[in-house]
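Read through the structure below, which is laid out as structure tokens, and then see the notes.
The values are calculated or read from the model by the stated rules, or taken from the named source; none is laboratory data. Just so you know, these numbers come straight off a predicted model, no measurement behind them. All Cβ positions, even for glycine, are placed from backbone atoms using ideal geometry, and neighbour counts span all protein chains on display. Surface areas here come from the heavy atoms of the whole protein model, side chains and all, with no ligands, DNA or RNA. Shrake-Rupley method; radii C 1.70, N 1.55, O 1.52, S 1.80 Å.
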Amino acid sequence: MAEIPWEPPVAGSDVEHLVGALERLRTTFRWKADGLGAEGLNTRIGKSSLTIGGLLKHLAANEDYLFTVKFRGEPMGEPWVGNGWRDDNDWELTSAVDDKPEELYALWDGAVQRSRASLAAAIADGGLDQPAHIAWPDGRHASLRRLVCDLIEEYGRHTGHADLLREAVDGRVGEDPPADWRPIGAQG
């Protein structure tokens, strides 16, 4: 049986399982978001203001915020400074309607690429137990493991949203993309 690149290991290390779970959710989310034009990215269900475009931008901001601000203690930089980023969860979700589809896909793809590199470097330089910059009010610092778990939770929640939204757009359903799927970005 051929290996599916985003499938977590059946029996691996703590790092392999956590990174594998994150990669599977990232892949499933990207597949749910893939190949849409502006209309599809801006589709809403009922009274909800959520859109796949807003989720792309929100998760891209979360990727960069987690590894830049929470883990390293650095301020957000590009591309966020140049696109008007505000430390406000609703901004990413609502401002995406003003972005072109190709910009949203590039924003998410770029953030994930940066996060993968940051996570791999951090694991190589101290593992999951190393303290992050972010601290609780009592002075305890979160570990890198906690931040990765938080990102997995964020993707789990929003991949479910994307699942419903994508089904409303064109009927795409399913837990995983086909084994040969590769992201294509915007269409139409």
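Within the option set E167, E175, E102, being modelled with pLDDT under 90 and among the charged types (D, E, K, R) holds for one residue only, E175.
Out of segment 99-139, which residues are among the hydrophobic types (A, V, I, L, M, F, W, C) and more than 13 Å from the chain's Cα centre (by Cα)? Residues satisfying the conditions are A117, L119, A120, A121, A122, I123, A124, L128, A132, I134, A135, W136. Return a yes/no flag: does segment 166-186 have any residue that is in contact with a strand residue (DSSP E or B) (Cβ under 9 Å, 6 or more places away or on another chain), of a type in the set (D, E) and open to solvent by 70 Å² or more (accessible area, probe 1.4 Å). The answer is no; no qualifying residue exists. Of the helices (runs of 4 or more DSSP H) entirely within segment 1-114, those holding at least 3 residues that are closer than 19 Å to L147 by Cα and touching a Leu at 6+ places or on another chain (Cβ under 9 Å) occupy 14-33, 52-65.
For segment 93-114, check the following and say yes or no: at least one residue is more than 26 Å from S48 (Cα to Cα) and either without any contact (Cβ under 8 Å) to a residue 40 or more places away in the chain or of a type in the set (K, R) (or both). Within segment 93-114, one or more residues are more than 26 Å from S48 (Cα to Cα) and either without any contact (Cβ under 8 Å) to a residue 40 or more places away in the chain or of a type in the set (K, R) (or both). When you look at D125, is it in contact (Cβ under 8 Å) with a residue 12 or more places away in the chain and among the acidic types (D, E), yes or no? So D125 fails the test.
Please go through segment 114-157 and give me each residue that is more than 16 Å from K57 (Cβ to Cβ) and among the polar types (S, T, N, Q), ordered by number. Correct list: S118, Q130, S143.
Only residues that are assigned to a loop (DSSP other than H, G, I, E, B) and in contact (Cβ under 8 Å) with a residue 12 or more places away in the chain were counted across segment 149-187, and they come to 11. Among the residues making up segment 118-146, a single one is touching a Leu at 6+ places or on another chain (Cβ under 6 Å) and of a type in the set (K, R): R145.
To keep it simple, each residue is scored yes or no on (1) over 30 Å from S13 (Cβ atoms); (2) at pLDDT below 95.
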position: S49; (1), (2): yes, yes
position: K57; (1), (2): yes, no
position: R116; (1), (2): no, no
position: D129; (1), (2): no, no
position: R145; (1), (2): no, no
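Filtering segment 145-158 for residues that are open to solvent by less than 30 Å² (accessible area, probe 1.4 Å) and closer than 24 Å to E39 by Cβ leaves a non-empty set.
Of all residues in segment 125-135, those satisfying the criterion of being open to solvent by 90 Å² or more (accessible area, probe 1.4 Å) and either aliphatic (A, V, I, L, M) or in a loop (DSSP other than H, G, I, E, B) (or both) are D125, D129. In this structure, G54 qualifies as free of Cβ contacts under 8 Å to residues at least 60 places away in the same chain, touching a helix residue (DSSP H, G or I) at 6+ places or on another chain (Cβ under 6 Å), small (G, A, S) and more than 18 Å from G171 (Cβ to Cβ). Remark: pairs (first residue in segment 12-33, over 22 Å from L50 (Cα atoms); second residue β-branched (V, I, T) and open to solvent by less than 10 Å² (accessible area, probe 1.4 Å); Cβ separation under 6 Å; 6+ apart in sequence or on different chains) = L18/V148.
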